[in-house]
Protein chains: 2
Amino acid sequence: MMAGISSTCTNLLPVDLRLPAAALLFPSTTSSGASSTLMSPMRCERRPHQRRRGARLVASAVTSTEPPSSVVGDMERGSLAEKSGRSDGQLAPRWREIHGRGNWEGLLDPIDTVLRGELIRYGEFAQACYDAFDYDRFSRYCGSSRYPPPTFFRDVGLDGVGYEVTRFLYATSNARLPNFVGARRKHRSGDDPDARLWSETASFIGFVAVSTDEETARIGRRDIAVAWRGTVTRLEWVADLTAAPRPAADFGIPCPDHGAKVESGFAELYTGKDPSCRWCRYSAREQVLAEVRKLVDLYHGRGEEVSVTVTGHSLGSALATLSAFDVAETGANVSPDGGRTAPVCVFSFSGPRVGNTRFKTRLERELGVKVLRVVNVHDMVPTVPGVLYVLDERSFPEAVLRLMDNLGMGAVYVHVGVELALDHKVSPYLKAETLDLACFHNLEAHLHLLDGYQGRAREFRLCGRDPALVNKAADFLRDEHMVPPVWRQDANKGMVRAEDGRWVLPPRHREVHDHPEDTDHHLQQLGLAAN
Amino acid sequence: MMAGISSTCTNLLPVDLRLPAAALLFPSTTSSGASSTLMSPMRCERRPHQRRRGARLVASAVTSTEPPSSVVGDMERGSLAEKSGRSDGQLAPRWREIHGRGNWEGLLDPIDTVLRGELIRYGEFAQACYDAFDYDRFSRYCGSSRYPPPTFFRDVGLDGVGYEVTRFLYATSNARLPNFVGARRKHRSGDDPDARLWSETASFIGFVAVSTDEETARIGRRDIAVAWRGTVTRLEWVADLTAAPRPAADFGIPCPDHGAKVESGFAELYTGKDPSCRWCRYSAREQVLAEVRKLVDLYHGRGEEVSVTVTGHSLGSALATLSAFDVAETGANVSPDGGRTAPVCVFSFSGPRVGNTRFKTRLERELGVKVLRVVNVHDMVPTVPGVLYVLDERSFPEAVLRLMDNLGMGAVYVHVGVELALDHKVSPYLKAETLDLACFHNLEAHLHLLDGYQGRAREFRLCGRDPALVNKAADFLRDEHMVPPVWRQDANKGMVRAEDGRWVLPPRHREVHDHPEDTDHHLQQLGLAAN
């Protein structure tokens, strides 16, 4: 039975129901792993002096002239060699533990250096989905990935990461989550020869990647990484989470407990498809299951140990949790002869809740899927949806929640897995006060906070990740660091001067990749219907 | 006596006081040049069918594969040779006429091709002030020109224009027009070694340039071009035009008529200085007068014919008008022995009114300064300030305005010179309906409209200027042309990756140019006090 460390501060609740941020620094966990009663407000103590200690920063880190030492993910750095738990060999003998076998007990406070590096790595994979996403209304390929699979990691600045993309994932426009897909292309003339090269309704939603042979040797197993994209609109999609939870089984996930329910919007996005669309004639679900099954089969067949690591930020976190549940439920991580099982782990960022107590039980206890949720205590997204949509689960004893669930009371959403709570206010790089709530939710900011996180009540001390990355798509760094807000942009929005002197948007060379022909085969192997 | 074609449509007035746009296409001018009574509303006729003819566009211009033929200013175009009135020799024999000696009679409808080319050229000079202006809050040199004088024209894309910048013009922050100077630098650390390289209060406000020997031969005279920058904020500065008009003489301009008044904000910006600032210890006025005097003296001394051509957009138009008045009033355009006088002409864009009726009389009749004002009939800036600030001058017979002025009634602003009225609705490239009023005011849009302008009620037909330029800093092109709005921008806002992999704003090499040592000398020659 896994102890759930699932306390979060919610700024949306009346004061008496909120937990002081300090409580997050001292979650009540038992080392024996026995289930703990959810914390009640009365048991929280505010220990401001200890929070302040965490806030006292090492100014030297700001002015250090040393090059970044362990900058996982910031790998395209010329002659500097990457140092991390991967390259110095620490990960390989401990990968299962880092992958959550022991629910990360003893690894969070103080934080295990190798674990921190892995969290940042998978966070970079989630960030890559954003960096690659073309959401320019004037682009002919609005909604697609700007970079093709073969050069994907190099193009997003993760050259040398040691993975190769094997498949992109696509979802179709989802009526229930209209803000997720993003803007559609402004205008397409009827005779546009490019019309066949992209779709009006498909959206690049993530990728599946595999560790190279060299990386596999370094990390002790073949890792299949699945990364899901979050939203590029600010936070409007949160308002779309109004549907009642529905049984996972209703969406085709072979969960035997029809009381295990999930938020419908996520599930519809995950399982929706458009038979008329070349990219979405398979649902995202079918794409990821077929790909995971294929890869697990392939590498288990070679006698390798295999892991499945799923990641995502925000809405992508919900998709990560849902798809990890699905992979385990469907058995895509199990070799066909049943002999070997690849462990499934989720490293999520800024994630909302996904399902009810029965879903949590099924995921954690019966399927054995491990989930580590990185959150910022000031971010509101991890607080939704709640119990009866708006109430925090920790306002209710677990027994009550289960009863409400069993009685079919409706929306009783609870978090899964283990939480690693960060606080942006402890970083001297970030604005202490800003009205821009989206900053609290920003993924690069979370990676920055991870880089400086040493443990509860320990000093924030950067380990080398470039703080300037925080402002790629946010206005979160303090002005004195002289980094422009939202700085990541193309010169002249991609306009170039043609030979005749006119400014034009050049056509982007685009290779069209069809779904692999063996997709149906693998789906059938999993007991799913072919398209 | 010059006929003033000064009708403008004002959308701010009650319907009965507004002139139909069509009236602008048929201004009532007399060929004899006798002064015309200001148009009363009853005399306007709407001729919609003729307007619509102008609106019917040549679709072929959109899809033409021909290279731009006569694209004055779009000169950095590789192997294509520039064709214009300058290079084909048409301008040289006619330069005085083009320079406004005859008040452009007979040159506006149909528009004289050589004149159109000149208007676009000087418009490009005004545009260059914007393109060069560094208004990035995070730049150490916020407020300065991004490009140094020696490479200025090349850097703004006007390589081959045939002029050389001889001096930059600077103004100090002006309390009365706070929106003009633009944002100040966000933060400067106390020990910033760059602090000496720029100023907290100075602002790049324009330049003085001279035609090269080669260009001089082409255009028939040595041309001294003065360009003034407009505002980079949208239109907030218009609200700052609330000061009462004051005699030009109050600002040191040696105008004998103390009833000739100008808008105070413009004049204070023009004459303000900060003795403690290296760049603003001379006022903009002193800088431009000293420079014009020096250059006129130099080239008259060589026996050359010399012209002074002043240009500016928006607030820059007001500075252009005021400085041209000043140059003539002070005699900076006259060789010291009084032998030769360089004619002074203003080509202005989207300009507000500058002074009262006595100012107009002094400028036009007594000083002989020629002004051609290019406006968009839908732009509100040329409608301010008005009579008693908000009323249109054309609501009043001229005699009434003069009487009001002579009686010292206060704000009686009138336009000067000759107007060339354009209408953005006749271009098929531009959005017919947009809530973004700043579009109507946009300079690149005016240059586009000039490029297509053939004459009143004549078809809009582009002569080769790239329509994509319209959207450099505006969202004005129709979507179907697939040009992103506001596309001119630096890659990653100037951030670059250093050797160690960190993203940084690189220090910009900056040469500091002091004011020429002979500045005081020339000011004294003009009868102005030395600094």
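Taken together, the values in this text are just the output of simple stated rules run on the coordinates, not laboratory data. Everything numeric here is computed off the predicted structure, so don't read it as measured data. Using ideal geometry, Cβ is built from the backbone for each residue, glycine included, and neighbour counts are taken over all protein chains shown.
In table form, for the structure just shown:
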{"read-out": "Per-copy distances of the B:A491 label point, shortest first, in nm (7 angstrom along Cα→Cβ)", "value": "0.5"}
{"read-out": "Nearest-first distances (nm) between copies at A:G339, label 7 Å from Cα via Cβ", "value": "10.7"}
{"read-out": "Compactness of the stretch B:104-154, expressed as Rg and Dmax over alpha-carbon positions, Å", "value": "16.2, 50"}
{"read-out": "Theoretical FRET efficiency, 1/(1+(r/R0)^6), r = Cβ-Cβ of A:E304 and A:R365, R0 41 Å, to 0.05", "value": "0.90"}
{"read-out": "B:L422 long-range amide H proximity, modeled H, under 5 Å", "value": "B:V375, B:N376, B:V377"}
{"read-out": "Chain A Cβ-axis minimum, rotational copy B, residue and distance in Å", "value": "A:A491, 2"}
{"read-out": "Ranked list, fewest to most other Cβ atoms within 10 Å of each Cβ, for B:K360, A:K493, A:K294", "value": "A:K493, A:K294, B:K360"}
{"read-out": "Two-site label geometry, A:A491 and A:Q454: point separation in nm, points 7 Å out along Cα→Cβ", "value": "4.3"}
{"read-out": "Per principal axis, descending, Cα span of the stretch A:355-421 in whole Å", "value": "33, 28, 16"}
{"read-out": "Efficiency of FRET from Cβ geometry, A:D518 and A:D155, R₀ 30 Å, rounded to 0.05", "value": "0.65"}
{"read-out": "Distances in nm from A:H521 to the matching label points in the other copies, shortest first (labels 7 Å along Cα to Cβ)", "value": "8.9"}
{"read-out": "Extension reserve of the A:A244-A:D500 stretch, reckoned as 0.36 nm per residue once the Cα distance is removed", "value": "86.4 nm"}
{"read-out": "Exercise: per-residue mean of other protein chain Cβ atoms within 10 Å, B:461-468", "value": "2"}
{"read-out": "Zone of A:R96's modelled label, taken as backbone nitrogen in the stretch A:281-308 under 17 Å from a point 7 Å along Cα→Cβ", "value": "A:300, A:303-308"}
{"read-out": "Prolate/oblate/rounded call for the stretch A:264-375, Cα gyration tensor, a/c under 1.5 rounded", "value": "oblate"}
{"read-out": "Length-normalised contact order of the stretch B:393-466 in % [C-alpha pairs under 8 Å, at least 6 apart]", "value": "20"}
{"read-out": "Greater than 23 Å apart at Cα, pairs in B:K273/B:K360; A:K370/A:K472; A:K294/A:K360; A:K261/A:K370", "value": "B:K273/B:K360; A:K370/A:K472; A:K294/A:K360"}
{"read-out": "For the stretch A:204-335: rounded, prolate or oblate by the Cα gyration tensor [a/c cutoff 1.5]", "value": "prolate"}
{"read-out": "Cβ-based exposure ranking for A:H481, A:H99, in which fewest neighbours within 10 Å come first", "value": "A:H481, A:H99"}
{"read-out": "For the stretch B:350-392, projected area of the alpha-carbon convex hull averaged over all directions, nm²", "value": "3.2"}
{"read-out": "Global geometry of the stretch B:121-178, whether rounded, prolate or oblate, following the gyration tensor of its Cα atoms and the 1.5 cut on a/c", "value": "prolate"}
{"read-out": "Residue order, fewest to most beta carbons within 10 Å, for B:V161, A:V165, B:V390", "value": "B:V390, A:V165, B:V161"}
